[in-house]
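Accompanying notes for the structure given below.
The values are calculated or read from the model by the stated rules, or taken from the named source; none is laboratory data. A quick note: this is a predicted structure, and the numbers were derived from the prediction, not measured. Cβ placement follows ideal geometry from the backbone for every residue including glycine, while neighbour counts extend to all protein chains displayed.
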Amino acid sequence: MKRIGILFGGKSGEHEVSLLSAAAVAGAIDRNKYEVVMIGITRDGCWKRFSGSLEALPDGSWEKDAEEMQISDLPHIIDFALPILHGPYGEDGTIQGLFEMLGLPYGGCGVLASALCMDKVSAKKIFEMEGIPTCRYELVYAEDLQSDPQSVVSRIEECLPYTVFVKPSNMGSSVGISKVTCREELLAALQLAACYDRRIIVEEGIDCREVETAVLGNHRPEAAAVGEIVASADFYDYRAKYTDDAGTVLSIPANIPAETAEEIRELACRAYKALDCSGYARTDFFIDKKTGKVYINEINTIPGFTKYSMFPLLWKEKGVSFGDLIERIVDLGYERYYAENNRQTVLRR
Ligand SMILES: Nc1ncnc2c1ncn2[C@@H]1O[C@H](COP(=O)(O)OP(=O)(O)O)[C@@H](O)[C@H]1O
Ligand SMILES: [Mg+2]
(Lines give C-alpha, C1' and ligand atoms only; values in the text may rest on other atoms or scores of the structure.)
(Ligands and ions follow the chains in the order given, each with its own letter.)
Protein backbone atom coordinates (compact mmCIF):
# COMPACT_ATOMS: atom_id res chain seq x y z
CA MET A 1 0.00 0.00 0.00
CA LYS A 2 1.31 3.44 -0.92
CA ARG A 3 2.21 5.65 2.02
CA ILE A 4 0.84 9.18 1.64
CA GLY A 5 2.68 11.71 3.80
CA ILE A 6 0.52 14.64 4.81
CA LEU A 7 2.71 17.59 5.71
CA PHE A 8 1.08 20.12 7.99
CA GLY A 9 1.71 23.06 10.32
CA GLY A 10 4.67 25.01 9.03
CA LYS A 11 6.53 28.19 9.78
CA SER A 12 4.06 30.61 8.20
CA GLY A 13 1.41 32.76 9.85
CA GLU A 14 -1.13 30.27 8.54
CA HIS A 15 0.06 27.43 10.80
CA GLU A 16 -3.33 27.01 12.54
CA VAL A 17 -5.32 26.94 9.32
CA SER A 18 -3.03 24.20 8.06
CA LEU A 19 -3.77 22.09 11.17
CA LEU A 20 -7.49 22.27 10.43
CA SER A 21 -7.06 21.53 6.72
CA ALA A 22 -4.67 18.63 7.32
CA ALA A 23 -6.97 17.00 9.90
CA ALA A 24 -9.85 17.15 7.40
CA VAL A 25 -7.74 15.79 4.52
CA ALA A 26 -6.28 12.96 6.62
CA GLY A 27 -9.77 12.08 7.82
CA ALA A 28 -11.11 11.81 4.28
CA ILE A 29 -8.39 9.65 2.66
CA ASP A 30 -9.50 6.11 1.85
CA ARG A 31 -7.50 3.98 4.33
CA ASN A 32 -8.24 0.85 2.35
CA LYS A 33 -6.18 2.30 -0.46
CA TYR A 34 -3.51 4.35 1.25
CA GLU A 35 -1.55 4.38 4.46
CA VAL A 36 -1.41 7.87 5.92
CA VAL A 37 1.74 9.23 7.57
CA MET A 38 1.31 12.56 9.36
CA ILE A 39 4.33 14.84 9.33
CA GLY A 40 4.07 18.06 11.26
CA ILE A 41 6.34 21.07 11.00
CA THR A 42 6.42 23.19 14.14
CA ARG A 43 6.34 26.99 14.08
CA ASP A 44 10.11 27.04 14.54
CA GLY A 45 10.63 24.61 11.69
CA CYS A 46 11.21 21.25 13.48
CA TRP A 47 9.93 18.22 11.61
CA LYS A 48 8.00 15.66 13.65
CA ARG A 49 6.21 12.46 12.79
CA PHE A 50 2.85 12.15 14.50
CA SER A 51 1.00 8.85 14.87
CA GLY A 52 -1.73 9.83 17.35
CA SER A 53 -5.35 10.84 16.91
CA LEU A 54 -6.26 13.53 14.37
CA GLU A 55 -8.21 15.26 17.12
CA ALA A 56 -4.89 16.44 18.55
CA LEU A 57 -4.13 18.50 15.45
CA PRO A 58 -6.38 21.58 15.69
CA ASP A 59 -5.34 22.63 19.22
CA GLY A 60 -1.63 21.99 18.64
CA SER A 61 -1.41 19.23 21.27
CA TRP A 62 -0.04 16.80 18.62
CA GLU A 63 3.38 18.39 19.10
CA LYS A 64 4.08 16.85 22.50
CA ASP A 65 3.38 13.29 21.32
CA ALA A 66 5.27 13.49 18.04
CA GLU A 67 8.69 11.99 17.30
CA GLU A 68 11.42 14.21 15.95
CA MET A 69 12.65 13.30 12.51
CA GLN A 70 15.15 14.51 9.94
CA ILE A 71 14.13 15.84 6.55
CA SER A 72 16.37 13.20 5.00
CA ASP A 73 14.12 10.49 6.56
CA LEU A 74 11.24 11.60 4.34
CA PRO A 75 11.83 9.34 1.29
CA HIS A 76 12.17 6.33 3.64
CA ILE A 77 8.88 6.79 5.41
CA ILE A 78 6.54 7.97 2.62
CA ASP A 79 5.95 7.26 -1.08
CA PHE A 80 4.04 10.43 -1.89
CA ALA A 81 4.00 13.87 -0.28
CA LEU A 82 0.82 15.84 0.13
CA PRO A 83 1.72 19.27 1.48
CA ILE A 84 -1.24 20.86 3.27
CA LEU A 85 0.76 23.90 4.28
CA HIS A 86 -0.31 27.44 3.58
CA GLY A 87 1.79 30.53 2.91
CA PRO A 88 5.58 30.93 2.80
CA TYR A 89 7.68 27.71 3.05
CA GLY A 90 4.67 25.59 2.13
CA GLU A 91 2.83 27.08 -0.77
CA ASP A 92 5.64 29.05 -2.38
CA GLY A 93 7.71 26.39 -4.13
CA THR A 94 10.34 25.91 -1.44
CA ILE A 95 9.08 22.61 -0.07
CA GLN A 96 8.12 21.52 -3.59
CA GLY A 97 11.80 22.00 -4.49
CA LEU A 98 12.74 19.73 -1.60
CA PHE A 99 10.40 16.98 -2.87
CA GLU A 100 11.97 17.32 -6.32
CA MET A 101 15.43 16.93 -4.85
CA LEU A 102 14.38 13.89 -2.82
CA GLY A 103 12.76 12.34 -5.93
CA LEU A 104 9.34 12.16 -4.23
CA PRO A 105 6.08 12.54 -6.17
CA TYR A 106 3.81 15.13 -4.57
CA GLY A 107 0.36 16.65 -4.76
CA GLY A 108 -0.42 20.07 -6.16
CA CYS A 109 1.58 22.64 -8.10
CA GLY A 110 5.28 22.33 -8.87
CA VAL A 111 8.07 24.72 -7.96
CA LEU A 112 7.52 27.38 -10.63
CA ALA A 113 3.73 27.61 -10.36
CA SER A 114 3.87 27.66 -6.57
CA ALA A 115 6.40 30.48 -6.54
CA LEU A 116 4.58 32.49 -9.21
CA CYS A 117 1.17 32.19 -7.56
CA MET A 118 2.62 33.27 -4.23
CA ASP A 119 4.17 36.40 -5.69
CA LYS A 120 1.41 38.85 -6.55
CA VAL A 121 3.55 41.07 -8.81
CA SER A 122 4.92 38.17 -10.88
CA ALA A 123 1.49 36.59 -11.26
CA LYS A 124 -0.02 39.89 -12.38
CA LYS A 125 2.70 40.47 -14.98
CA ILE A 126 1.90 37.10 -16.54
CA PHE A 127 -1.86 37.70 -16.38
CA GLU A 128 -1.31 40.97 -18.24
CA MET A 129 0.84 39.30 -20.89
CA GLU A 130 -1.82 36.63 -21.42
CA GLY A 131 -4.65 39.15 -21.64
CA ILE A 132 -6.33 37.89 -18.46
CA PRO A 133 -8.01 40.95 -16.93
CA THR A 134 -6.54 42.02 -13.60
CA CYS A 135 -6.85 45.36 -11.81
CA ARG A 136 -4.31 48.16 -12.28
CA TYR A 137 -1.34 48.30 -9.92
CA GLU A 138 1.97 49.97 -9.13
CA LEU A 139 5.06 48.19 -7.85
CA VAL A 140 6.98 49.84 -5.00
CA TYR A 141 10.37 48.75 -3.66
CA ALA A 142 10.95 49.00 0.09
CA GLU A 143 14.36 50.57 -0.62
CA ASP A 144 12.74 53.44 -2.58
CA LEU A 145 10.17 53.88 0.13
CA GLN A 146 12.94 54.27 2.66
CA SER A 147 15.08 56.66 0.63
CA ASP A 148 12.37 58.87 -0.87
CA PRO A 149 8.89 58.20 0.51
CA GLN A 150 7.40 61.42 -0.88
CA SER A 151 8.17 60.59 -4.47
CA VAL A 152 6.73 57.10 -4.01
CA VAL A 153 3.50 58.61 -2.67
CA SER A 154 3.32 61.13 -5.54
CA ARG A 155 3.86 58.44 -8.16
CA ILE A 156 1.07 56.29 -6.72
CA GLU A 157 -1.30 59.24 -6.56
CA GLU A 158 -0.55 60.10 -10.20
CA CYS A 159 -1.33 56.58 -11.38
CA LEU A 160 -4.15 55.35 -9.16
CA PRO A 161 -7.17 57.00 -7.59
CA TYR A 162 -8.13 56.21 -3.99
CA THR A 163 -9.28 53.64 -2.76
CA VAL A 164 -6.16 51.50 -3.15
CA PHE A 165 -5.06 48.21 -1.58
CA VAL A 166 -1.46 47.97 -0.37
CA LYS A 167 0.02 44.48 -0.08
CA PRO A 168 3.37 42.76 0.35
CA SER A 169 3.96 41.00 -2.98
CA ASN A 170 4.84 37.68 -1.40
CA MET A 171 2.52 36.79 1.46
CA GLY A 172 -0.91 35.30 2.08
CA SER A 173 -3.90 35.31 4.39
CA SER A 174 -4.29 39.07 4.12
CA VAL A 175 -1.24 39.59 6.37
CA GLY A 176 0.26 43.06 5.91
CA ILE A 177 -2.59 44.18 3.60
CA SER A 178 -4.33 47.56 4.04
CA LYS A 179 -7.25 49.27 2.41
CA VAL A 180 -6.27 52.91 1.95
CA THR A 181 -8.68 55.73 1.25
CA CYS A 182 -6.47 58.83 1.63
CA ARG A 183 -2.89 60.15 1.55
CA GLU A 184 -2.63 60.16 5.35
CA GLU A 185 -3.07 56.38 5.45
CA LEU A 186 -0.91 55.56 2.45
CA LEU A 187 2.55 55.90 3.96
CA ALA A 188 1.71 53.83 7.05
CA ALA A 189 0.22 51.12 4.81
CA LEU A 190 3.36 51.06 2.63
CA GLN A 191 5.56 50.83 5.71
CA LEU A 192 3.50 47.98 7.11
CA ALA A 193 3.73 46.04 3.83
CA ALA A 194 7.49 46.71 3.76
CA CYS A 195 7.82 44.76 7.05
CA TYR A 196 6.90 41.61 5.11
CA ASP A 197 8.51 41.99 1.71
CA ARG A 198 10.82 44.30 -0.21
CA ARG A 199 8.35 44.37 -3.10
CA ILE A 200 5.02 46.02 -2.40
CA ILE A 201 2.04 46.08 -4.69
CA VAL A 202 -0.44 48.96 -4.67
CA GLU A 203 -3.67 48.07 -6.46
CA GLU A 204 -6.65 50.04 -7.59
CA GLY A 205 -9.48 49.16 -5.21
CA ILE A 206 -12.49 47.62 -6.90
CA ASP A 207 -15.92 47.94 -5.34
CA CYS A 208 -16.61 44.31 -5.90
CA ARG A 209 -18.22 41.00 -5.18
CA GLU A 210 -15.66 38.27 -4.48
CA VAL A 211 -16.06 34.95 -6.26
CA GLU A 212 -13.86 31.90 -6.53
CA THR A 213 -13.64 28.71 -8.49
CA ALA A 214 -11.76 25.46 -7.90
CA VAL A 215 -9.53 24.07 -10.64
CA LEU A 216 -8.31 20.49 -10.92
CA GLY A 217 -6.09 18.87 -13.53
CA ASN A 218 -2.71 18.83 -15.23
CA HIS A 219 -2.62 19.51 -18.95
CA ARG A 220 -6.41 19.82 -19.30
CA PRO A 221 -7.63 21.57 -16.18
CA GLU A 222 -11.31 21.76 -15.29
CA ALA A 223 -13.07 24.31 -13.13
CA ALA A 224 -15.82 23.44 -10.65
CA ALA A 225 -18.72 25.66 -9.62
CA VAL A 226 -18.25 29.37 -8.87
CA GLY A 227 -18.89 30.41 -5.26
CA GLU A 228 -19.19 33.80 -3.63
CA ILE A 229 -17.71 35.00 -0.37
CA VAL A 230 -19.91 37.38 1.47
CA ALA A 231 -17.48 38.83 3.99
CA SER A 232 -18.63 40.33 7.24
CA ALA A 233 -15.68 42.70 7.55
CA ASP A 234 -14.84 45.72 5.42
CA PHE A 235 -12.68 43.42 3.31
CA TYR A 236 -11.82 39.76 3.52
CA ASP A 237 -9.08 40.29 6.09
CA TYR A 238 -7.34 37.73 8.27
CA ARG A 239 -10.01 37.90 10.97
CA ALA A 240 -12.88 37.50 8.54
CA LYS A 241 -11.08 34.58 6.90
CA TYR A 242 -10.28 32.45 9.88
CA THR A 243 -11.93 33.60 13.06
CA ASP A 244 -15.27 35.05 12.29
CA ASP A 245 -16.90 32.09 10.57
CA ALA A 246 -20.38 33.14 11.60
CA GLY A 247 -20.14 36.42 9.71
CA THR A 248 -18.56 35.11 6.52
CA VAL A 249 -21.00 33.26 4.34
CA LEU A 250 -20.12 31.16 1.31
CA SER A 251 -22.78 31.19 -1.35
CA ILE A 252 -22.51 28.14 -3.62
CA PRO A 253 -23.18 28.40 -6.46
CA ALA A 254 -22.78 32.15 -6.61
CA ASN A 255 -25.91 34.03 -7.57
CA ILE A 256 -24.45 35.48 -10.80
CA PRO A 257 -25.51 35.25 -14.46
CA ALA A 258 -24.64 31.93 -16.10
CA GLU A 259 -22.45 33.73 -18.71
CA THR A 260 -20.43 35.39 -15.97
CA ALA A 261 -19.89 32.05 -14.22
CA GLU A 262 -18.79 30.51 -17.53
CA GLU A 263 -16.41 33.43 -18.19
CA ILE A 264 -14.89 32.98 -14.73
CA ARG A 265 -14.41 29.24 -15.17
CA GLU A 266 -12.77 29.80 -18.54
CA LEU A 267 -10.48 32.58 -17.22
CA ALA A 268 -9.59 30.38 -14.23
CA CYS A 269 -8.39 27.56 -16.51
CA ARG A 270 -6.44 29.99 -18.70
CA ALA A 271 -4.78 31.57 -15.67
CA TYR A 272 -3.98 28.12 -14.28
CA LYS A 273 -2.18 27.18 -17.48
CA ALA A 274 -0.51 30.58 -17.78
CA LEU A 275 1.19 30.13 -14.40
CA ASP A 276 1.98 26.45 -15.17
CA CYS A 277 -0.22 25.08 -12.38
CA SER A 278 -0.83 21.38 -11.95
CA GLY A 279 -2.84 19.20 -9.59
CA TYR A 280 -5.23 21.73 -8.13
CA ALA A 281 -5.66 25.38 -7.16
CA ARG A 282 -8.37 27.83 -6.14
CA THR A 283 -8.69 30.86 -8.39
CA ASP A 284 -10.12 34.09 -6.95
CA PHE A 285 -11.90 36.85 -8.86
CA PHE A 286 -13.51 40.22 -8.32
CA ILE A 287 -16.71 41.26 -10.11
CA ASP A 288 -17.05 45.04 -10.27
CA LYS A 289 -20.42 45.85 -8.71
CA LYS A 290 -21.08 48.72 -11.09
CA THR A 291 -19.78 47.49 -14.44
CA GLY A 292 -19.99 43.72 -13.96
CA LYS A 293 -16.42 43.44 -15.26
CA VAL A 294 -14.50 40.39 -14.04
CA TYR A 295 -10.90 40.66 -12.76
CA ILE A 296 -8.66 37.86 -11.60
CA ASN A 297 -7.28 38.54 -8.11
CA GLU A 298 -5.02 35.57 -7.39
CA ILE A 299 -4.45 31.83 -7.53
CA ASN A 300 -4.03 29.93 -4.27
CA THR A 301 -2.09 26.74 -4.84
CA ILE A 302 -2.86 25.23 -1.42
CA PRO A 303 -6.26 26.66 -0.52
CA GLY A 304 -8.05 26.03 2.77
CA PHE A 305 -9.10 22.38 2.84
CA THR A 306 -11.49 21.93 5.74
CA LYS A 307 -14.98 20.54 5.21
CA TYR A 308 -16.23 24.12 5.29
CA SER A 309 -13.67 25.49 2.84
CA MET A 310 -14.55 26.82 -0.58
CA PHE A 311 -12.32 24.45 -2.57
CA PRO A 312 -13.90 21.12 -1.52
CA LEU A 313 -17.39 22.66 -1.40
CA LEU A 314 -17.15 23.87 -5.00
CA TRP A 315 -16.30 20.34 -6.13
CA LYS A 316 -19.00 18.85 -3.94
CA GLU A 317 -21.43 21.06 -5.86
CA LYS A 318 -20.22 19.28 -9.02
CA GLY A 319 -20.70 15.86 -7.41
CA VAL A 320 -17.06 15.17 -6.43
CA SER A 321 -16.78 14.10 -2.78
CA PHE A 322 -14.01 15.22 -0.42
CA GLY A 323 -12.41 11.76 -0.51
CA ASP A 324 -12.58 11.51 -4.32
CA LEU A 325 -11.05 14.96 -4.61
CA ILE A 326 -8.00 13.92 -2.61
CA GLU A 327 -7.67 10.77 -4.65
CA ARG A 328 -7.74 12.85 -7.87
CA ILE A 329 -5.03 15.12 -6.44
CA VAL A 330 -2.83 12.11 -5.61
CA ASP A 331 -3.41 10.58 -9.07
CA LEU A 332 -2.55 13.89 -10.77
CA GLY A 333 0.66 14.12 -8.71
CA TYR A 334 1.68 10.62 -9.81
CA GLU A 335 0.75 11.41 -13.42
CA ARG A 336 3.08 14.41 -13.44
CA TYR A 337 5.84 12.48 -11.70
CA TYR A 338 5.72 9.56 -14.14
CA ALA A 339 5.57 11.87 -17.15
CA GLU A 340 8.70 13.64 -15.90
CA ASN A 341 10.49 10.34 -15.19
CA ASN A 342 9.63 9.01 -18.65
CA ARG A 343 11.05 12.12 -20.27
CA GLN A 344 14.28 11.69 -18.36
CA THR A 345 14.50 8.00 -19.29
CA VAL A 346 14.03 8.83 -22.97
CA LEU A 347 16.74 11.48 -22.75
CA ARG A 348 19.20 9.08 -21.12
CA ARG A 349 18.78 6.48 -23.85
N1 LIG B 1 -7.80 45.52 -5.62
C2 LIG B 1 -8.71 45.19 -4.69
N3 LIG B 1 -9.96 45.71 -4.73
C4 LIG B 1 -10.89 45.37 -3.79
N5 LIG B 1 -10.65 44.53 -2.76
C6 LIG B 1 -9.42 43.99 -2.64
C7 LIG B 1 -8.39 44.27 -3.61
N8 LIG B 1 -7.30 43.60 -3.27
C9 LIG B 1 -7.61 42.92 -2.14
N10 LIG B 1 -8.86 43.14 -1.74
C11 LIG B 1 -9.51 42.58 -0.54
O12 LIG B 1 -8.51 42.09 0.34
C13 LIG B 1 -8.58 40.66 0.49
C14 LIG B 1 -7.19 40.05 0.56
O15 LIG B 1 -6.44 40.35 -0.60
P16 LIG B 1 -5.69 39.23 -1.43
O17 LIG B 1 -4.98 39.91 -2.54
O18 LIG B 1 -6.65 38.17 -1.80
O19 LIG B 1 -4.61 38.71 -0.40
P20 LIG B 1 -4.27 37.29 0.24
O21 LIG B 1 -3.21 36.70 -0.61
O22 LIG B 1 -3.77 37.60 1.58
O23 LIG B 1 -5.54 36.48 0.22
C24 LIG B 1 -9.39 40.22 -0.73
O25 LIG B 1 -10.04 38.98 -0.49
C26 LIG B 1 -10.38 41.39 -0.88
O27 LIG B 1 -11.39 41.32 0.11
MG1 LIG C 1 -6.90 36.18 -1.25
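Right, GLY323: away from ligand 1 (no atom under 16 Å from the Cβ) and at positive phi or not? Full working, then the answer.
Values: away from ligand 1 (no atom under 16 Å from the Cβ): yes; at positive phi: no.
Taking the combined requirement at face value, the residue does not satisfy it.
I want to confirm something. Restricting to segment 178-191 and keeping residues that are aliphatic (A, V, I, L, M) and away from ligand 1 (no atom under 13 Å from the Cβ), which single residue is nearest to SER114 (Cα to Cα)? Talk me through it step by step, then tell me what you get.
At the first step, the residues of segment 178-191 found to be aliphatic (A, V, I, L, M) are 180, 186-190.
Adding the requirement that they be away from ligand 1 (no atom under 13 Å from the Cβ) leaves 186-188, 190.
On the way: LEU186: 30, LEU187: 30, ALA188: 30, LEU190: 25 Å.
Residue satisfying both the conditions and the ranking: LEU190.
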If we ask which residues in segment 132-165 are touching an Asp or Glu at 6+ places or on another chain (Cβ under 8 Å), among the aliphatic types (A, V, I, L, M) and either more than 11 Å from ILE200 (Cα to Cα) or within 16 Å of ligand 1 (Cβ to nearest atom) (or both), their number turns out to be 4
Residues within segment 135-194 that are away from ligand 2 (no atom under 16 Å from the Cβ) and over 20 Å from ASP288 (Cβ atoms), tallied: 32
ASP207 vs (1) away from ligand 1 (no atom under 11 Å from the Cβ); (2) farther than 16 Å from GLU298 by Cβ: all pass except (1)
Among the residues of segment 279-301, is there at least one that is closer than 29 Å to TYR137 by Cβ, more than 16 Å from ligand 1 (Cβ to nearest atom) and touching a residue at least 12 places away in the same chain (Cβ under 8 Å)? yes
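Could you list, in sequence order, all residues of segment 144-172 that are of a type in the set (A, V, I, L, M, F, W, C) and in a helix (DSSP H, G or I)? Show your work before the answer.
We begin by selecting, within segment 144-172, every residue of a type in the set (A, V, I, L, M, F, W, C); these are 145, 152-153, 156, 159-160, 164-166, 171.
Selection gives LEU145, VAL152, VAL153, ILE156, CYS159.
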The condition of being out of contact with any His (no Cβ under 6 Å at 6 or more places or on another chain) and either within 16 Å of ligand 2 (Cβ to nearest atom) or at pLDDT 95 or above (or both) holds, among ALA274, ALA246, only for ALA274
Which of the numbered conditions does ILE329 fail, given that it passes all the others? Conditions: (1) away from ligand 1 (no atom under 16 Å from the Cβ); (2) under 16 Å from ARG209 (Cβ atoms); (3) touching a Gly at 6+ places or on another chain (Cβ under 6 Å). (2)
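Name the residues in segment 296-341 that are within 16 Å of ligand 2 (Cβ to nearest atom) and either among the β-branched types (Val, Ile, Thr) or in the same structural domain as GLN96 (by TED's automatic domain parsing) (or both), would you?
Initial filter on segment 296-341 (within 16 Å of ligand 2 (Cβ to nearest atom)): 296-305, 309-311, 314.
ILE296, ILE299, THR301, ILE302, listed by residue number.
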What's the total number of residues in segment 29-83 that are farther than 16 Å from GLY9 by Cβ, outside any loop (DSSP other than H, G, I, E, B) and charged (D, E, K, R)? 2
Matching residues, segment 100-132, being assigned to a loop (DSSP other than H, G, I, E, B) and within 16 Å of PRO168 (Cβ to Cβ): ASP119
Qualifying positions in segment 18-35 - surrounded by fewer than 24 Cβ atoms within 10 Å (Cβ to Cβ) and under 18 Å from ILE95 (Cβ atoms): LEU19, ALA26
Take the conditions within 16 Å of ligand 1 (Cβ to nearest atom) and in a strand (DSSP E or B) and apply them to VAL175. Does it pass? no
Log entry, pairs with first residue in segment 91-114 being without any contact (Cβ under 8 Å) to a residue 12 or more places away in the chain, second being not in a loop (DSSP other than H, G, I, E, B), beta carbons closer than 8 Å, six or more apart or on different chains, reads GLU100/VAL111
I'm trying to understand the selection: among the residues of segment 196-219, which are closer than 18 Å to ASP324 by Cβ and not in a strand (DSSP E or B)? ASN218
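Could you identify the single residue in GLU130, GLU157 that is within 21 Å of the chain's Cα centre (by Cα) and either in the same structural domain as HIS219 (by TED's automatic domain parsing) or charged (D, E, K, R) (or both)?
On the way: GLU157 fails: within 21 Å of the chain's Cα centre (by Cα).
After applying the criteria, what remains is GLU130.
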Filter segment 36-57 for residues that are over 20 Å from ILE71 (Cβ atoms) and either at pLDDT below 95 or loosely packed, with under 14 Cβ neighbours inside 10 Å (or both) and give the result. GLY52, SER53, GLU55
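Hey, can you tell me all the residues within segment 302-320 that are over 20 Å from the mean Cα position of the chain (by Cα) and in contact (Cβ under 8 Å) with a residue 40 or more places away in the chain?
Narrowing segment 302-320 to residues over 20 Å from the mean Cα position of the chain (by Cα): 317-320.
Result: GLU317, LYS318, VAL320.
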